[in-house]
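Visitor: Got a structure here, written out as structure tokens. Questions coming.
The values are calculated or read from the model by the stated rules, or taken from the named source; none is laboratory data. Since we're looking at a predicted model, the values are computed, not measured. So basically every Cβ, Gly included, is an ideal-geometry build from the backbone, and we count neighbours across all protein chains shown.
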């Protein structure tokens, strides 16, 4: 492992465990001071549950699915509530210094608000993603591409039965839109699910006239790259790894996951070199990185994911620190870039202020 990865992982785990201790202290202070020690011990045990389940998931499939689903829900819950407690205490201190202390019923009211936010985030995490339709006016778009409909599936993270059900629901919605082209921009698979007939049946309803293409994400590596390649092939998805293809006259390039595969500017330039003279081309790149480099190499529509738009607020702020291109449509030079929030969830099956989506982009001649 790279030292930078080890440092970031250790920092995240440290913050995660600290949130448990902070939450235990907040609950004890506001509701049961005599149970402070028991609360800290209980939450420390819970802090170990989610990381342990991630390792177990790689070895055991369906029999423990409910266990690691519960562990991931806890991960999201402690993040939401722990950050909420921090905000509450900051507000309490500011108000006490300026005016007067909060009333005695304030902690209970605040917990009721957090409970409502938790319920909303779980509902959003389990529901089938909506189709997000929009037209993209492209200057100089060739006439043959005017009206072309492209559906993008990203960050589905199929690792369990409920994610597979959600994927089937998304497939039904996409099939009803009859897109010309369907692209997968990474993180379709995760440890916990087996690439069997279920996945092949799930995509059977997708019959776009120009086919299905994809580019790998970092979780394809976590799932096992060889297994992922075989699974994409079984589903009829043409996975592009630093290569190009053509569909109905449209040139499509797929980049390997930039960060996991260790791609640099020279690698990206080499992959895109054959598209330099194209009036318009499509690029699939899981992580929204090196956009300035890509924009210098042609006239593209670049589709990415990975950020989940933060998935659970206020994680948005941390994700924005890591990715300049966080969510939505961007334009750099003659190229357009769309970063989707993704169709599924990773870890906690929760979404707050970051709804899941399946973009359906219709190209229009500007």
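Visitor: I'd like the residue in the stretch 57-66 that is part of a helix (DSSP H, G or I) and exposed (fewer than 15 other Cβ atoms within 10 Å of the Cβ) and, out of all such residues, is modelled with the highest pLDDT.
Guide: Pass one, the stretch 57-66, residues part of a helix (DSSP H, G or I): 57, 62-66.
From what's left, exposed (fewer than 15 other Cβ atoms within 10 Å of the Cβ): 62-63, 66.
Values: 62: 48, 63: 55, 66: 78.
Out of the qualifying residues, it is 66.
Visitor: Take the residues in the stretch 334-357 that are over 12 Å from the mean Cα position of the chain (by Cα) and closer than 23 Å to residue 300 by Cα; name whichever of them is surrounded by the most Cβ atoms within 10 Å (Cβ to Cβ). Walk me through how you get there before you give the answer.
Guide: Looking only at the stretch 334-357, we keep the residues that are over 12 Å from the mean Cα position of the chain (by Cα), and these are 334-338, 352-353.
This time we only want the ones that are closer than 23 Å to residue 300 by Cα, so: 334-338.
Values: 334: 14, 335: 21, 336: 21, 337: 21, 338: 24.
So, considering only residues that are over 12 Å from the mean Cα position of the chain (by Cα) and closer than 23 Å to residue 300 by Cα, the one surrounded by the most Cβ atoms within 10 Å (Cβ to Cβ) is 338.
Visitor: Search the stretch 195-219 for residues being in contact (Cβ under 8 Å) with a residue 24 or more places away in the chain and either part of a helix (DSSP H, G or I) or not assigned by TED's automatic domain parsing to the domain that holds residue 183 (or both), and hand back the single one that is surrounded by the most Cβ atoms within 10 Å (Cβ to Cβ).
Guide: Here the residue is 219.
Visitor: Looking at 146, 190, can you tell me which residue is surrounded by 15 or more Cβ atoms within 10 Å (Cβ to Cβ) and in the same structural domain as residue 345 (by TED's automatic domain parsing)? Reasoning before the result, please.
Guide: On the way: 146 fails: surrounded by 15 or more Cβ atoms within 10 Å (Cβ to Cβ).
Criteria check complete, one pass: 190.
Per-residue answers, yes or no, for (1) assigned to a helix (DSSP H, G or I); (2) exposed (fewer than 14 other Cβ atoms within 10 Å of the Cβ):
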| site | (1), (2) |
| --- | --- |
| 71 | yes, no |
| 81 | yes, no |
| 87 | yes, yes |
| 102 | no, no |
| 110 | yes, no |
| 124 | yes, no |
| 135 | no, yes |
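Visitor: Just the residues that are over 23 Å from the mean Cα position of the chain (by Cα) and assigned to a loop (DSSP other than H, G, I, E, B), please, taken from the stretch 237-249. Explain how you work it out, then say what you get.
Guide: Residues of the stretch 237-249 that are over 23 Å from the mean Cα position of the chain (by Cα), as a first pass: 243-249.
Of everything in the stretch 237-249, those that are over 23 Å from the mean Cα position of the chain (by Cα) and assigned to a loop (DSSP other than H, G, I, E, B) turn out to be 248, 249.
Visitor: Same structure again: Among the residues of the stretch 137-159, write down those that are within 14 Å of the chain's Cα centre (by Cα) and part of a helix (DSSP H, G or I). Walk me through it before giving the result.
Guide: Residues of the stretch 137-159 within 14 Å of the chain's Cα centre (by Cα): 152-159.
Listed by number, the list is empty, since nothing qualifies.
Visitor: Sticking with this one: Which residue pairs have Cβ atoms under 6 Å apart, sit 6 or more places apart or on different chains, and have a first residue in the stretch 348-366 that is at positive phi and a second that is not in a strand (DSSP E or B)?
Guide: So the pair list comes out as 353/313.
Visitor: Now for a different question. Among the residues of the stretch 39-50, are any modelled with pLDDT under 80 and touching a helix residue (DSSP H, G or I) at 6+ places or on another chain (Cβ under 7 Å)?
Guide: Just the residues of the stretch 39-50 that are modelled with pLDDT under 80, to begin with: 49-50.
Remaining after also requiring touching a helix residue (DSSP H, G or I) at 6+ places or on another chain (Cβ under 7 Å): 49-50.
The answer is yes; a qualifying residue exists.
Visitor: Let me ask something else about it. Take the conditions in contact with a helix residue (DSSP H, G or I) (Cβ under 8 Å, 6 or more places away or on another chain), within 19 Å of residue 339 (Cα to Cα) and in contact (Cβ under 8 Å) with a residue 24 or more places away in the chain and apply them to residue 298. Does it pass? Break it down stepwise before answering.
Guide: Details: in contact with a helix residue (DSSP H, G or I) (Cβ under 8 Å, 6 or more places away or on another chain): yes; within 19 Å of residue 339 (Cα to Cα): yes; in contact (Cβ under 8 Å) with a residue 24 or more places away in the chain: yes.
So residue 298 fits the description; yes.
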